[in-house]
Amino acid sequence: MKYTRILQWSAALIVVPILLFVLFIAIFGWNWLRGPIERQTLEKTGRELVISGDLGIKPGWPSPRISAGGVTFANPSWAREKQMVSADAVEITIDLPQLLRRNIVLHEVRLQRPTVYLEQGSNGRKNWLLDVNQQDEGMRMRVDRLTLDQGTLGYDDAADKTSIRSSLSTRNQSETVSAPGVVFSAQGQYRGLPLKASGSGESVMAMRDESAPYALEVDATVGRTAIRAEGTVTSLLKFSALDMRLELRGESLDQLYPLLGIAFPSTPAYATKGRLLRNGNTWHYEKFSGRIGNSDIAGTLQVDTGGKRPAMKARLLSNLLVFEDLGPIIGSQPERVAQGSSAQGAKKTMLPELPFKTDRWDSVDAEVTLKAKTIRRAKELPLENLDVHLSLRDSVLTLDPLNFGLAGGQLNTAITLDGRKAPVQANARVQAKKIIIARLFPTIKLNQTSVGEINGNFVLAGKGNSVGRMLATADGKVGLVIANGEISRLMMEKIGIHLWEMLELTITGDQLIELHCGVANFSVKGGIMHADALVLDTAITTIIGTGTIDLGQETLDLTLNQKTKNTSPLALRSPIHVRGSFSRPDIEVDKGQMAARGLGALALGLINPLLALIPLIDAGPGKDSDCGRLVRDAKRIAS
């Protein structure tokens with residue numbers, strides 16, 4: 001009996017408080033907790049929480065559900081907006097075991113007509129961190145799933161030049177839409193560029209879920225780059241996985257740098273589409289295709305973000321590459337821009353002068369290969385296949401190989417640009433193999449019958465922030481050799497100004513004559529090419545050249561002297577001067593010597609008409625050059 005009364009009193013001590021608590025809640029509800037919750041929030045965060053509507057709690061372990069109406073949570077004083085969160089109604093599911101460990105984990109958050117402003121300020125402060133100074137990364141609220149109904153989201157980061165405002169509304173279920181979702185629009189500034197975007201997604205946003213993909217469609221314009229994406233994202237905060245169809249359009253690939261933080265080269269306008277995947281630290285842009293300028297492009301691109309800097313690998317293929325589209329990549333202005341500059345009185349240059357953006361080279365390590373099957377180019381530029389491998393490591397850019405066909409032969413090139421130094425230090429080695437003379441100058445009619453091949457080597461080193469400046473400071477050697485070919489006799493007679501033979505060949509037709517050798521050796525110092533050996537030896541004429549080519553000023557100052565091997569009865573032989581600029585070369589004979597010959601003929605003609613021919617006779621006596629020695633010297637100098 002005694003033990004029974006003890007048990008009854010014990011049960012009463014347990015049950016009665018519970019019954020009183022339940023009775024209290026039944027009479028007064030949960031609103032009495034609003035004050036304590038608001039005071040605790042102010043004490044812990046230094047920011048005001050106001051619950052103006054009813055507070056409700058649905059107990060449960062380990063995740064009770066809490067609802068409240070008319071909720072606002074203030075921003076810190078440094079933020080631009082007064083409130084961080086305001087909503088007509090809030091419903092959250094909280095993880096109690098995590099809360100006991102001082103971690104705020106919300107499995108689910110539902111906000112009705114919310115306004116949310118997130119801001120990152122100076123000194124690393126973030127308004128979503130809940131400590132008093134907003135700097136403790138451990139004091140953040142973790143949200144697994146978020147449902148928004150008709151609200152506004154804002155994000156500001158002054159240091160990153162970013163300010164975005166987005167409006168969201170619920171898309172109701174209809175015949176065309178299988179499930180309700182969210183429709184959004186956004187505008188503002190992203191990393192200093194104007195932003196405008198619209199799209200749609202599912203109604204429940206999986207913020208941190210590492211397994212549930214979130215369906216998303218986006219149309220956006222950032223600066224002058226247009227983006228369209230459709231697919232799924234896993235974890236909207238971390239983008240831990242991604243699978244989307246992506247389309248990009250823009251005026252130049254280098255405009256992606258503010259968006260991605262990865263340096264791409266300057267290009268003409270482009271458009272691409274492909275499949276964008278992410279798995280962990282690796283991004284893939286797979287099986288993409290599109291156009292850059294008038295050139296087609298396709299391939300795959302991979303970026304690994306897990307290292308010191310992003311590492312990019314790409315394999316690119318072009319079926320038709322328009323040579324003009326390569327201009328911006330090497331620092332050459334598009335033709336329409338160059339014409340505009342010329343019209344405004346700017347100096348017209350042939351060598352590329354636009355500076356390389358070497359300050360971006362340390363943003364990425366890259367290994368890129370490009371193969372072009374067909375090259376569309378001007379008739380004067382007989383280029384063919386292109387095969388290039390680009391490597392960028394620690395701001396050192398290497399093109400090795402950079403090979404392409406030229407006039408039926410091959411140019412094999414290796415170039416290194418060291419962007420760690422200012423100005424850029426450049427080294428280039430070019431090997432010319434079996435270039436066909438007739439195809440090298442396709443616009444010269446008399447050259448079309450020529451037979452022979454050109455071989456040679458260029459070894460140059462210079463410094464500068466553009467191709468033009470690098471060549472203007474270059475030191476090195478240039479050597480070219482032609483041997484065992486045939487060339488148009490009429491062309492050679494015209495160079496010698498042999499009037500009788502020119503008339504004869506015009507009537508009877510052109511002939512091929514033996515081309516013994518051609519040698520062009522230049523030593524290069526400070527951007528000036530000095531002709532050490534400039535000889536073209538044929539069966540009828542030897543041409544010997546002297547002079548310089550100034551790569552810095554883009555000017556020519558060469559003199560060609562002819563030595564005829566056969567007597568010509570009527571000739572006005574005189575030196576030929578090649579002067580002027582690269583863009584407008586001036587080729588003319590030595591008028592002084594021609595005038596002297598003409599005056600001599602006129603004076604003798606006054607005595608006897610037959611004597612007038614004497615000054616016009618080119619008696620030679622030319623002889624074959626030592627081609628073997630010239631070729632050996634050229635090979636030795638160029639090697």
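The values are calculated or read from the model by the stated rules, or taken from the named source; none is laboratory data. Fair warning: this is a prediction, and the values are worked out from it, not measured in the lab. No Cβ is skipped: glycine too gets one built from the backbone with ideal geometry, and neighbour counts run over all protein chains shown. We work out accessible area using only protein heavy atoms, side chains counted, and drop any ligands, DNA or RNA first. Shrake-Rupley method; radii C 1.70, N 1.55, O 1.52, S 1.80 Å.
Points worth noting:
- Residue that is farthest from Glu453 (Cα to Cα) [pool: residues in the range 412-427 that are open to solvent by less than 30 Å² (accessible area, probe 1.4 Å) and without any contact (Cβ under 8 Å) to a residue 60 or more places away in the chain]: Asp418
- Output for the range 455-469, where each listed residue is within 25 Å of Leu354 (Cα to Cα) and either open to solvent by less than 20 Å² (accessible area, probe 1.4 Å) or assigned to a strand (DSSP E or B) (or both): Phe458, Val459, Leu460, Ala461, Gly462, Lys463, Gly464, Ser466, Gly468
- Sole exception among (1) open to solvent by less than 60 Å² (accessible area, probe 1.4 Å); (2) at pLDDT 70 or above; (3) part of a helix (DSSP H, G or I) for Gly340, by number: (2)
- When restricted to residues that are of a type in the set (Asp, Glu), touching a Phe, Trp or Tyr at 6+ places or on another chain (Cβ under 9 Å) and either open to solvent by 40 Å² or more (accessible area, probe 1.4 Å) or assigned to a strand (DSSP E or B) (or both), the range 248-298 contains 1.
- Restricting Asn566, Asn521 to residues that are at pLDDT 80 or above and either buried (at least 20 other Cβ atoms within 10 Å of the Cβ) or farther than 30 Å from Pro352 by Cβ (or both) narrows the list to Asn521.
- Leu326 satisfies every condition listed in (1) open to solvent by 60 Å² or more (accessible area, probe 1.4 Å); (2) closer than 15 Å to Phe264 by Cα except (1).
- Summed over the range 219-243, residues that are crowded, with 19+ Cβ neighbours inside 10 Å and in a strand (DSSP E or B) total 5.
- Verdict on Arg65 being closer than 23 Å to Val204 by Cα and open to solvent by 50 Å² or more (accessible area, probe 1.4 Å): yes
- Hits in the range 194-216 (condition: modelled with pLDDT of 95 or more and open to solvent by 30 Å² or more (accessible area, probe 1.4 Å)): Pro194, Lys196, Ser198
- Residue, surrounded by the most Cβ atoms within 10 Å (Cβ to Cβ), within the range 524-547, restricted to residues that are hydrophobic (A, V, I, L, M, F, W, C) and under 19 Å from Lys463 (Cα atoms): Met529
- Search result, residues across the range 97-125 that are part of a strand (DSSP E or B) and either closer than 21 Å to Ala68 by Cα or at pLDDT below 90 (or both): Ile104, Val105, Leu106, His107, Glu108, Val109, Arg110, Leu111, Gln112, Thr115, Val116, Tyr117
- The single condition from (1) touching a helix residue (DSSP H, G or I) at 6+ places or on another chain (Cβ under 6 Å); (2) free of Cβ contacts under 8 Å to residues at least 60 places away in the same chain that Lys273 fails is (1).
- Being surrounded by 14 or more Cβ atoms within 10 Å (Cβ to Cβ), modelled with pLDDT of 90 or more and assigned to a helix (DSSP H, G or I) is a description that does not apply to Glu43.
- Taking the range 403-426 as the range and being of a type outside the set (Asp, Glu), modelled with pLDDT of 90 or more and either within 21 Å of the chain's Cα centre (by Cα) or not in a strand (DSSP E or B) (or both) as the test, the residues that pass are Asn403, Ala414, Ile415, Thr416, Leu417, Gly419, Arg420, Pro423, Val424, Gln425, Ala426.
- Some residue of the range 149-172 being free of Cβ contacts under 8 Å to residues at least 60 places away in the same chain, open to solvent by less than 40 Å² (accessible area, probe 1.4 Å) and in contact with a Pro (Cβ under 8 Å, 6 or more places away or on another chain): no
- All strands (runs of 3 or more DSSP E) inside the range 126-189 with 1 or more residues being within 24 Å of Glu217 (Cβ to Cβ) and at pLDDT 90 or above: 151-157, 162-171
- Residue selected from the range 439-449 under the condition open to solvent by 10 Å² or more (accessible area, probe 1.4 Å) and not charged (D, E, K, R), by the criterion modelled with the highest pLDDT: Leu440
- Considered as a group, the residues in the range 358-385 that are in a strand (DSSP E or B) and at pLDDT below 90 include one that is surrounded by the most Cβ atoms within 10 Å (Cβ to Cβ), and that residue is Ile375.
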